[in-house]
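Take a look at the structure below.
All of the numbers you see were taken from the coordinates with simple rules; none came from a lab. These numbers were taken from a predicted model, which means no experiment stands behind them. Cβ placement follows ideal geometry from the backbone for every residue including glycine, while neighbour counts extend to all protein chains displayed.
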């Protein structure tokens, strides 16, 4: 090593400079302390940054996950869309939550089944555009009936056939409008659109699921 004062070269094991008498042990100890302080500051900075990132991620999660909790551990999962005054059972086992927002949730299974539950408010310019029976050039109506919903009355249940992504599919849709008093006591008209899509060849397997959903619907204030 070199003496920091006179530059005289000394053995690494020397405790002091033989030329000027400078204590080499003291200089070495001082340098180690400065390094320890630097390491401590770096660790503290990393901890602060990590805490900030975790807080932001937690806040983002709270803001995005706003729909009812979905637990597919049972054959049927009871869901309460309290912002729109409607309860129902949706398929559980074999299905997963694909999209979750305040006004729309989408479920999918491992085959080709999809369930879309949407609530269209005043900001929707043309809610009727979501009906499956208003585009005869695209959809072929198989059946159209009125069904009775507990707490509401009659609603329209339509089954159509069409091509989607090059495959022939069937769509079962429940469609109705309702004036609902929200939590802030303001009255607003919502359009309720519940649509299940499946391959036409397996419609007999999915139709009972949709009918069970209709029977489980409960409308409330």
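Each peptide among 196-205, 171-180, 36-45 gets the average number of other Cβ atoms lying within 10 Å of its residues, and from highest to lowest they stand as 171-180, 196-205, 36-45. Evaluated on the stretch 76-219, the Kirkwood hydrodynamic radius is 15.7 Å, with distances taken between all distinct Cα atoms.
Cα centroid separation, the stretch 145-162 to the stretch 181-207: 10 Å.
Extension gain for residue 96 to residue 135 (0.36 nm times residue separation, less C-alpha to C-alpha distance): 11.1 nm. At full extension, residue 70 and residue 216 could sit 50.9 nm farther apart than now, given 0.36 nm per residue minus the alpha carbon distance.
When peptides 134-143, 115-124, 160-169 are sorted by average Cβ neighbour count within 10 Å, with the highest value leading, the order is 115-124, 160-169, 134-143.
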